[in-house]
1. Only one residue in Cys452, Cys427, Cys443 is among the hydrophobic types (A, V, I, L, M, F, W, C), in contact with a Cys (Cβ under 6 Å, 6 or more places away or on another chain) and modelled with pLDDT of 95 or more, so which one is that?
2. Identify, by number, the condition in (1) part of a helix (DSSP H, G or I); (2) modelled with pLDDT of 95 or more; (3) surrounded by fewer than 19 Cβ atoms within 10 Å (Cβ to Cβ) that Leu10 doesn't meet.
3. Could you tell me whether region 28-43 includes any residue that is modelled with pLDDT of 90 or more and surrounded by 12 or more Cβ atoms within 10 Å (Cβ to Cβ)?
4. Give me the residue from region 186-229 that is surrounded by 15 or more Cβ atoms within 10 Å (Cβ to Cβ) and polar (S, T, N, Q) and, out of that set, nearest to Tyr433 (Cα to Cα).
5. Given the conditions (1) loosely packed, with under 12 Cβ neighbours inside 10 Å; (2) of a type in the set (D, E, K, R); (3) touching a Gly at 6+ places or on another chain (Cβ under 7 Å), which single one is not true for Asp171?
6. Working carefully through the options Phe261, Phe324, find the one that is under 30 Å from Asp192 (Cβ atoms), touching a Leu at 6+ places or on another chain (Cβ under 7 Å) and not basic (Lys, Arg).
7. Is there a residue in region 134-157 that is within 30 Å of Tyr418 (Cα to Cα) and touching a Cys at 6+ places or on another chain (Cβ under 9 Å)?
Amino acid sequence: MLQSFSADQLTMFEVCWQTLRAALFVSCLTACHGYNIYEDRIPNGASVPHPCKPNYIWGGVGHENVLGGGARNPFGIAFQDAGNTWTEALCRSDSDGDGQSNGVELGDPNCVWTSGAAELTTGLSHPGVCEPTDSDLCLQLNSWEIDCTIGDFTCDGIGHPDTTNWTITFDNTAVPAQETTYMCQIFDIPDDQVYHLFASQPVIDNPYIMHHTLVYGCTGTPPSTYNSPSSCGMYLEECSVMLAGWTVGSPGECQRSDDGFLVGKGHFTQVMMEHHWNNPTSASNYFDASGITLFLTPNLRANNLATLITGQEDLTIPAGESAFTVTGTCPKDCLDQKLENTIYITSAHLHMHYLGSSGRIEQWRDGVLINTWFDESSYSYDYPVSNVFDPPIPLLKGDEVKTICTYKSTSKDEITYYGEGTSDEMCYAFMNYYPSENGPSECVSWDEFTTCDDFGSANQFSASIFLLVGLLGLCLMGTLV
């Protein structure tokens with residue numbers, strides 16, 4: 001039923017619409033290339049868990065290689081024999097021989113699934129890998145070696161006699177029975193002299209819930225509540241300088257031999273460690289005391305590092321898209337404002353969640369693309385790629401940086417938005433650079449706006465936009481009453 005409006009209401013609606021246009025422009029998001037279609041032909045094809053790496057996804061479900069390609073596993077062979085189609089016979093078969101049908105393992109126990117509408121999204125297992133992998137039965141049935149290791153970590157300087165290994169871990173804390181939790185705790189670090197922080201390695205206590213860890217340097221005095229693990233958001237004003245981090249799939253973080261973050265006497269003597277716990281089943285019996293080891297050297301290196309964050313926070317990803325692209329632009333006027341002088345990018349990596357399928361970072365100058373720093377044609381959240389640049393890439397005043405993220409949402413039946421949860425999405429690039437005194441800490445977009453537009457930090461910026469949307473909603477409510 002159409003509703004008619006009075007002239008006064010139309011005038012008010014016009015005012016609201018102009019307010020909306022001033023606050024948020026409609027995002028222009030473009031579909032691009034195709035992607036592996038086979039995971040769309042089975043239930044939960046993009047969400048099959050790794051059988052022996054908690055929190056990991058097995059991307060190439062029908063292959064022995066976790067990322068796909070190469071030899072097929074028993075389920076992949078059966079799927080091919082079924083014409084690469086999810087049939088009732090395939091559903092009721094037990095391809096890996098572990099006593100559970102393919103349908104049960106993939107969330108379609110009654111074999112009624114149709115594309116985009118799996119019955120279950122939790123309690124999944126792998127239909128091509130006998131589980132548990134270390135049982136006598138599965139040691140016989142799994143005819144290839146399954147990589148259950150997280151990966152070894154090596155970094156020049158770790159074994160040096162002058163290096164200090166400083167490990168910080170959370171107090172053992174009950175994990176809330178909810179999908180997404182951010183917890184923070186403050187720690188002291190050595191302050192007897194100046195150090196360069198040049199590497200970090202995770203200490204994972206509970207791999208079933210650990211999503212990522214970040215370590216921030218504190219420039220102010222944080223609230224005392226964070227002396228023990230306390231609920232927090234993605235931003236604390238007093239501790240906002242990123243120094244180290246870990247995410248699923250990374251064995252650790254290592255800087256080039258010439259680079260390090262200044263900490264210790266006269267610099268950062270306190271740090272805040274932030275854990276993101278992902279508990280999708282809302283289990284109530286989990287505890288965690290994870291942390292990170294920081295490697296500090298008093299032998300100061302040539303370059304003082306800092307971290308620049310770019311990306312796009314205006315994410316509205318429709319369901320059912322094979323390739324949906326967003327771009328976050330750090331524009332010329334923002335870099336002109338934030339850069340004191342040329343900075344040199346030493347490394348960069350993308351951060352998306354499980355819908356992320358590909359991405360790249362571009363450098364523009366005078367409206368011309370001069371450099372694509374890297375182009376990940378197959379992005380995997382579980383297997384992040386750190387792109388190291390040697391020699392480092394100069395970023396000049398007047399340049400623009402574009403962070404481009406592409407998502408595959410064929411596994412979703414509803415819109416996915418930006419958010420802190422694993423089931424939400426993000427589009428960020430984290431890049432290290434030197435000299436630290438020359439550059440900014442962030443240049444993040446919300447649609448066409450950036451953090452240079454007097455919105456403060458990235459998360460304060462988002463909050464400002466949400467406030468504007470809320471005010472608009474109240475405005476429209478007044479219009480339509």
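The values are calculated or read from the model by the stated rules, or taken from the named source; none is laboratory data. Nothing here was measured: the structure is a model prediction, and the numbers come from that model. Quick reminder, even Gly has a Cβ in these numbers, built from the backbone with ideal geometry, and neighbours come from all protein chains shown.
1. None of the other options fit; the residue is Cys427.
2. Of the numbered conditions (1) part of a helix (DSSP H, G or I); (2) modelled with pLDDT of 95 or more; (3) surrounded by fewer than 19 Cβ atoms within 10 Å (Cβ to Cβ), the odd one out for Leu10 is (2).
3. The answer is yes; a qualifying residue exists.
4. Ser200
5. Here Asp171 meets the rest and fails (3).
6. Going through Phe261, Phe324 in turn, the sole match is Phe261.
7. The answer is no; no qualifying residue exists.
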